[in-house]
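Below is one structure, written out as structure tokens; comments come after it.
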Amino acid sequence: MTRLHALYVTLKDRGLGTTLAILLVYVADYAFDIRYGTDTRSWTSLDDLRIDSENKQRGEMYQPTLALPLERLFRELKLPASSVLVDLGCGKARVLLVAAKVGLKTMRGIEFSPELCQIARRNCDLYTAKTHGAATFEIIEDDVVNYEVRQDDNVLFLYNPFYAEILSHVLDKIRASQRAHPRP
């Protein structure tokens, strides 16, 4: 389906107002990457990546979280700047960059694709250079099932990164960390 046809279908099915709102979100995504010189928009199939984890088949393709709604969510949540955000399956690090944009200071991304980690690190470096920001980014190249939730991790984010069996394992680790180090 061409983009023009998709636009037509959206107009027909959802109306002008909703279609314009959707277009605004996609224009904002494009503008985000243009503004910071980053590469976070393009979807990437796991089949196109070198991933050594046995969980490759239990992962989902990289699909960026929409920047504008995410920024609105973070602003609505009013997270303290001292929060430590961890994106489990961070892909190209868009969530980390948006978190920095709204004032968080420490962000971690866990990603099992070496190529996506390289892009994520580059995106974080470009964002930092462009904004002269004080945010700290850490991209950890590992499978999320190996990540030991740290006691200062207090905001955990996932955007459809992996199958339910992996999520179950990750949730067990989060619960264990919360029991060992209670925190809001």
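So for the range 46-133, taking the charge dipole from beta-carbon charges (+1 Lys/Arg, -1 Asp/Glu), which of Gly103, Pro69, Cys90 sits furthest toward the positive end?
Gly103
Nearest 20 debye, what's the magnitude of the dipole of the chain about its Cα centre given +1 on Lys and Arg Cβ and -1 on Asp and Glu Cβ? List each step's numbers first, then the result.
Details: 24 positive and 24 negative charges, 167 e Å.
Once rounded to the nearest 20, the dipole reads 800 debye.
Quick one: pull the percent of accessible area on the chain belonging to carbon and sulfur, 1.4 Å probe, ligands and nucleic acids left out. Provide the component values of the computation, followed by the final result.
Details: 5760 of 10470 Å².
Carbon and sulfur together cover 55 percent of it.
How would you order 42-53, 128-139 from highest to lowest mean count of nearby Cβ atoms within 10 Å?
On the way: 42-53: 12.4, 128-139: 14.6.
In decreasing order of mean packing, 42-53, 128-139 become 128-139, 42-53.
Pull up all non-local amide H partners of Leu156: gap of 5 or more, or a different chain, and H-to-H distance under 5 Å with H placed in the peptide plane.
Val86
So in the range 1-141, what percent of DSSP beta bridges are antiparallel if you round to the nearest 5? Write down the numbers at each step before the final one.
Working: 1 of 12 bridges.
So the antiparallel bridges in the range 1-141 amount to around 10 percent.
What ranking, highest mean first, results for peptides 56-67, 100-111 when packing means the other Cβ atoms within 10 Å averaged over each residue? Intermediate results must be reported in sequence, preceding the final value.
Working: 56-67: 17.8, 100-111: 21.7.
Those peptides, ordered most packed to least, come out 100-111, 56-67.
Can you list the HN-Hα couplings for the range 146-157, worked out from phi with the Karplus curve (6.51, -1.76, 1.60; θ = phi - 60°), rounded to whole Hz and with x for Gly and Pro?
The phi angles translate into 8, 6, 8, 4, 7, 5, 9, 5, 10, 10, 10, 10 Hz.
Take the alpha-carbon centre of the range 98-156, take the same for the range 12-79, and report the distance between them in whole Å.
Measuring centre to centre over Cα atoms gives 16 Å.
Please compute the contact order of the chain in relative form: average sequence separation of alpha-carbon pairs under 8 Å and at least six residues apart, divided by the residue count, as a percent.
Working: 263 pairs, mean separation 38.6, N = 184.
Value for the chain: 21 percent.
Anything over 20 Å Cα to Cα? Flag those among Lys105/Lys130; Lys92/Lys173; Lys92/Lys130; Lys78/Lys130; Lys101/Lys173; Lys101/Lys130, in the order listed. Don't skip to the end; give the middle numbers.
Working: Lys105/Lys130 16 Å; Lys92/Lys173 24 Å; Lys92/Lys130 17 Å; Lys78/Lys130 24 Å; Lys101/Lys173 28 Å; Lys101/Lys130 12 Å.
In this structure, Lys92/Lys173; Lys78/Lys130; Lys101/Lys173 exceed 20 Å between Cα atoms.
With a 1.4 Å probe and all protein chains left in place, how much accessible area per residue does the chain have, in Å²?
Details: 10470 Å² over 184 residues.
Value for the chain: 57 Å² per residue.
Kyte-Doolittle mean at least 0.5 and Cα extent at least 20 Å along the axis: which DSSP H helices of the chain qualify?
On the way: long enough: 3-36 (34 Å, 0.56); 114-131 (25 Å, -0.58); 164-180 (24 Å, -0.12).
Counting only whole DSSP H runs, the qualifying helices are 3-36.
Amide H to amide H under 5 Å from Ile139: which residues, 5+ apart in sequence or cross-chain, H placed 1.01 Å off N in plane?
Amide H neighbours of Ile139: Gly109.
The values are calculated or read from the model by the stated rules, or taken from the named source; none is laboratory data. None of the values given here were measured: they were computed from a predicted structure. Note that each Cβ is placed from the backbone with ideal geometry, even for glycine, and that neighbours are counted across all protein chains shown. We work out accessible area using only protein heavy atoms, side chains counted, and drop any ligands, DNA or RNA first. Shrake-Rupley method; radii C 1.70, N 1.55, O 1.52, S 1.80 Å.
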